[in-house]
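The values are calculated or read from the model by the stated rules, or taken from the named source; none is laboratory data. Bear in mind that the values here come from a model prediction, so they are computed numbers and not experimental data. So basically every Cβ, Gly included, is an ideal-geometry build from the backbone, and we count neighbours across all protein chains shown.
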Amino acid sequence: MKYKQIIWDWNGTLWNDTWLCVEINNHMLERRGLPLIQPETYRAKLCFPVTDYYCQLGFDYEVDPYPRLAEEFIAEYEQRRFECDLHPEVRELIQFFQTQGTLQSVLSAYEQKALLESTDYFELTGFFDEIIGLNDIYANGKVENGKQYIANSNLNPSEVLFVGDTVHDFEVADAMGVQCALVANGHNSRPRLEACGVPVFNSLSGVRSIA
């Protein structure tokens, strides 16, 4: 195998939760009389930190401070999250890389406890050497966690592949000094991902061709 380790993003990359995020955003917008969004709009606008994305949707932080909006979002998300399934290729792909002896880990902007609950729910926790989330619900990004993780590892960054579904995942991989591949069936649109200049696949099955 070309890479000794694969670092997976979780939400959107392995876990197919984009549709739920759009629904919850629309519930929040509807309560405030703001225009609703389509999935295409969501994928075109979503960015990190999420505070910037909410500004694009028209939320007024003087009326609704971001922490209140984040709590509103996560309350419905946590209640409904297991309506979402994994992307179809996930189990087969993770099992394949395990048989090849490739180390695998998760680096996510999801809160740590909820992240572990999710990997446990899908019985995937045992496949990963490390599962790294955030300490809060505010989804500010994961660059620092990524840099710390790679600094503490014994791996050559050129032998590590980060697989994600957003421009932020590319930014994280770039900050870590590792290789990156992106999938266009998650939280960002294909044109935005292609602008990053790294391999972009329609689904996770394409990752096997470069790993």
- Looking for whichever is under 24 Å from Ile74 (Cα atoms), more than 16 Å from the chain's Cα centre (by Cα) and modelled with pLDDT of 95 or more here; the options are Thr119, Thr102, Thr166, Thr125. Which one fits? Thr125
- Would you check which residues across region 31-46 are surrounded by fewer than 18 Cβ atoms within 10 Å (Cβ to Cβ), touching a residue at least 24 places away in the same chain (Cβ under 8 Å) and under 20 Å from His168 (Cβ atoms) and list them? Glu40, Ala44
- Residue set Glu72, Glu89, Glu117; condition within 20 Å of Ile24 (Cα to Cα) and either of a type outside the set (Ser, Thr, Tyr) or surrounded by fewer than 14 Cβ atoms within 10 Å (Cβ to Cβ) (or both); output residue Glu72
- Message: Within region 141-211, considering only helices (runs of 4 or more DSSP H) that don't extend past its boundaries, which have at least 2 residues that are assigned by TED's automatic domain parsing to the domain that holds Tyr110 and of a type in the set (Val, Ile, Thr)?
- Response: 143-152, 167-176
- Task: Run Pro157 past the list (1) in contact with a Gly (Cβ under 8 Å, 6 or more places away or on another chain); (2) closer than 17 Å to Trp10 by Cβ and report the number of the one that doesn't hold.
- Result: (2)
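On the given criteria, is Arg80 more than 14 Å from the chain's Cα centre (by Cα) and under 26 Å from Ser189 (Cβ atoms)?
Against the criterion (more than 14 Å from the chain's Cα centre (by Cα) and under 26 Å from Ser189 (Cβ atoms)), Arg80 qualifies.
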- State yes or no: is Thr13 within 21 Å of Arg190 (Cβ to Cβ), out of contact with any Lys or Arg (no Cβ under 8 Å at 6 or more places or on another chain), polar (S, T, N, Q) and not in a helix (DSSP H, G or I)? yes
- Query: Out of region 98-112, which residues are crowded, with 18+ Cβ neighbours inside 10 Å and more than 11 Å from Phe128 (Cα to Cα)?
  - Reply: Ser108, Ala109, Tyr110, Glu111
- Message: Being within 30 Å of Gln179 (Cβ to Cβ) and assigned to a loop (DSSP other than H, G, I, E, B): is that true of Cys21 here?
- Response: no
- For residues that are within 17 Å of Pro88 (Cβ to Cβ) and either surrounded by 23 or more Cβ atoms within 10 Å (Cβ to Cβ) or in contact with a strand residue (DSSP E or B) (Cβ under 6 Å, 6 or more places away or on another chain) (or both), tally how many sit in region 169-211. 6
